[in-house]
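No value in this document is a laboratory result; all are computed from the given coordinates. Quantities reported herein were computed from a predicted structural model and do not represent experimental measurements. Using ideal geometry, Cβ is built from the backbone for each residue, glycine included, and neighbour counts are taken over all protein chains shown.
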Amino acid sequence: MLHKKVAELLNQQINKELYSAYLYLDFSNFFIDHGLVGFGNWFKIQAKEEMSHADLFMQYLQNNNLSIELEAIAKPNIDLVDVRTPLVESLHHEELVTASIYGIYEAALEVKDYRTQEFLQWFIKEQGEEEKNANDLILQFDMYGSDKASLLQLDIYLGKRTFSAPSLDLD
Ligand code: FEO
């Protein structure tokens with residue numbers, strides 16, 4: 001049986017992952033509206049990744065005989081003033097998610113919940129990758145974004161991103 005506090009934080013993380021998916025769908029729609037369908041694709045795939053993260057948190061709770069309590073997902077309300085804004089905001093958002101996962105890990109450490117610590121190791125590594133991806137996207141945009149031909153090439157490149165299921169398998 002998981003400690004009540006750890007279980008609560010894990011349950012809250014489901015909402016945070018689903019909100020991440022919602023946020024990235026909003027970014028995806030914004031890029032598509034601005035003719036950057038490759039960037040739109042990149043964020044749509046990111047939204048799918050976030051949904052798969054939510055699914056892993058649900059599975060983990062269920063594997064520990066706990067019920068899920070789904071909460072309302074907030075409306076994304078970031079003011080997207082230009083095409084760079086979603087890139088910067090996605091890095092900020094990933095840093096918040098990392099802090100949230102560290103918070104669960106710390107709670108699990110406190111109550112000697114070794115099982116949850118082991119489960120969260122995958123997410124800690126994943127967050128490192130996601131922060132790097134978000135940062136790389138800003139760097140690429142800053143390098144190529146001001147030249148239309150280069151921006152088009154970058155958009156075509158980002159349009160090739162496909163979804164792959166997470167390497168963590170809890171079944
Ligand atoms: Fe599931 Fe992007 O953190």
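Using only side-chain charges placed at the Cβ, +1 for Lys and Arg and -1 for Asp and Glu, the dipole size of segment 1-46 relative to its Cα centre rounds to 240 debye. Sum up the charges of everything whose Cβ sits under 13 Å from the Cβ of residue 63, counting Lys and Arg as +1 and Asp and Glu as -1, but leave residue 63 out. Taking every Cβ under 13 Å from that of residue 63, the sum is -3.
One decimal place: the segment residue 152-residue 37 gains 40.4 nm when fully extended, by the rule 0.36 nm per residue minus the C-alpha distance.
Estimated at 0.36 nm per residue, the fully extended path between residue 171 and residue 59 surpasses their Cα-Cα distance by 39.5 nm.
Counting only Cβ charges, +1 for Lys and Arg and -1 for Asp and Glu, the dipole size of the chain around its Cα centre is about 200 debye.
Build a GNM of the chain with springs between Cα atoms under 10 Å apart, and of 84, 161, 115 the one that fluctuates most is 115.
Put a dot 7 Å past each Cα toward the Cβ at residue 133 and residue 115; how far apart are the dots in nm? The answer from the label model is 2.9 nm. Residue 124 to residue 74: extension gain in nm, 0.36 nm per residue of separation minus the Cα-Cα distance? In short, 15.6 nm is gained. Going from the residue with the fewest nearby Cβ atoms within 10 Å to the one with the most, 85, 162 rank 162, 85. Shown in residue order for segment 148-165 are the 3J(HN,Hα) couplings computed by the Karplus curve 6.51 cos²θ - 1.76 cosθ + 1.60 at θ = phi - 60°: 4, 5, 5, 5, 4, 4, 5, 5, 5, 4, 5, x, 8, 5, 10, 7, 10, 4 Hz (x for Gly and Pro). For the chain, the Kirkwood estimate of hydrodynamic radius, built from reciprocal distances between every pair of different alpha carbons, is 17.0 Å.
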